[in-house]
Each structure stands twice: as C-alpha cells, then as structure tokens.
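Q: Once you've had a glance at the structure underneath, I'll fire off some questions.
The values are calculated or read from the model by the stated rules, or taken from the named source; none is laboratory data. These figures come from a predicted structure and were not determined experimentally. Because the Cβ atoms are built from the backbone with ideal geometry, glycine has one as well, and the counts that use them run over all protein chains shown. Note: areas computed on protein heavy atoms with side chains; ligands, DNA, RNA excluded. Shrake-Rupley method; radii C 1.70, N 1.55, O 1.52, S 1.80 Å.
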Amino acid sequence: MFATSDPNLLIGGMATGGLALAALWKLVTWIRDAPVRPDPWDGEVENQLQAAPEICPHCSTPQPPTAWFCEHCGRAVGPYNNLMPYLQVFSEGEVFRNGASGQFRRRPLILAGYFLLGFGMLSFLAPIYWFSLLLNLRSPETAQEAVPEEKTQ
Ligand SMILES: [Zn+2]
C-alpha cells in the first residue's frame, strides 16, 4: 500500500489515514445525532397525503399503484422504473427526449449533464443529439418558466 522505504513517511501516511477515519467517524456521529425536525403539517394532513392516490408527475392523471407507465401521456410513473434493467431504458429515453424536444430546467449544470450524457450514451451520434439539444434550447415553445429558488430555513 505504501511504496516507501522511509519509515517517517509510512508513519505519516498511517497518521493521516487515522485522522481521516476519525474525521469520517465524527461526521457519521454528527449526522446520526442530528435532531429530527418534525413535519411542518399536522396529523390530518399526513393522513390525507397517505390516502391520496398517486398521480402522474407530468399530467396529474391518477395512477393505480401497480402502474409502470402513465396511460394518458405514456411517461414512466412506476416507483422502481429506474431500477429495473428493462424499464430503465424507457426512463433514459424519456430524459433524452426531454432534452431534444421537451421541457427541462435550463440551468448550466443540467445542460452540462445533457451534453455528457449524450456523449456517454450515444458516442459517435452525440453531435446529432447535441444539435437537437441546441435547437430545443433556442425554441421558445419549449422554454420553461424559471423555477423560483427554494427558501431554506
Ligand atoms: Zn401522465
């Protein structure tokens, strides 16, 4: 592990590793012992949320609990779609379609992710996808309103 013959460097490396482990342990205990914040709503609202039917996040159509795709808009709505190897392909396709012809939040990090994802998944076809992405960026029809920043307490 330590490719050195100097015992001082070996001891220094071990001390650094020990300090890193101690800092990691301190971080874990700090997170574990952090106070739990109560929900900002009361029990009645919690019961209503638990009893409410699941809806499609794209078109707000009510979904049965066993649905994988929305019957109205065809988008992935299942809770484990992104974890199932076969269904994951459809979710990834939905992400690519949103970049090329749909709406997405136009933030620099998301845009960089689309470029890297296009390069990683499409390899030599990536420039075609990037061209579609840039056309979609310039299109005023798919421009999404700016999402207000969340307030932190
Ligand atoms: Zn839908």
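Q: Do you know which residues across the range 106-130 are of a type in the set (K, R) and either loosely packed, with under 12 Cβ neighbours inside 10 Å or closer than 24 Å to P62 by Cβ (or both)?
A: Scanning the range 106-130 gives a single hit, R107.
Conditions tested, residue by residue: (1) within 16 Å of the ligand (Cβ to nearest atom); (2) assigned by TED's automatic domain parsing to the domain that holds L134; (3) of a type in the set (F, W, Y); (4) touching a residue at least 12 places away in the same chain (Cβ under 8 Å).
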site: C70; (1), (2), (3), (4): yes, yes, no, yes
site: C73; (1), (2), (3), (4): yes, yes, no, yes
site: Y80; (1), (2), (3), (4): no, yes, yes, no
site: R106; (1), (2), (3), (4): no, yes, no, yes
site: A112; (1), (2), (3), (4): no, yes, no, no
site: G120; (1), (2), (3), (4): no, yes, no, no
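Q: Quick check on this structure: which one of P79, P85, P65 is at pLDDT 90 or above and open to solvent by 30 Å² or more (accessible area, probe 1.4 Å)?
A: P85
Q: Now for a different question. How many residues does the range 133-145 hold that are within 23 Å of C73 (Cα to Cα) and open to solvent by 40 Å² or more (accessible area, probe 1.4 Å)?
A: 6
Q: Which members of the range 46-102 meet the condition of being assigned to a loop (DSSP other than H, G, I, E, B) and of a type in the set (G, A, S)?
A: A52, S60, A67, G74, G78, G102
Q: Okay, moving on. State all residues of the range 59-90 that are of a type in the set (S, T, N, Q) and over 19 Å from the mean Cα position of the chain (by Cα); if no residue qualifies, say none.
A: S60, T61, Q63, T66
Q: For D33, only one of the following conditions fails: (1) modelled with pLDDT under 90; (2) over 24 Å from the mean Cα position of the chain (by Cα); (3) among the acidic types (D, E). What is its number?
A: The one condition D33 does not meet is (1).
Q: With I31, I55 as the choices, which residue is β-branched (V, I, T) and surrounded by 10 or more Cβ atoms within 10 Å (Cβ to Cβ)?
A: When all the criteria are applied, what remains is I55.
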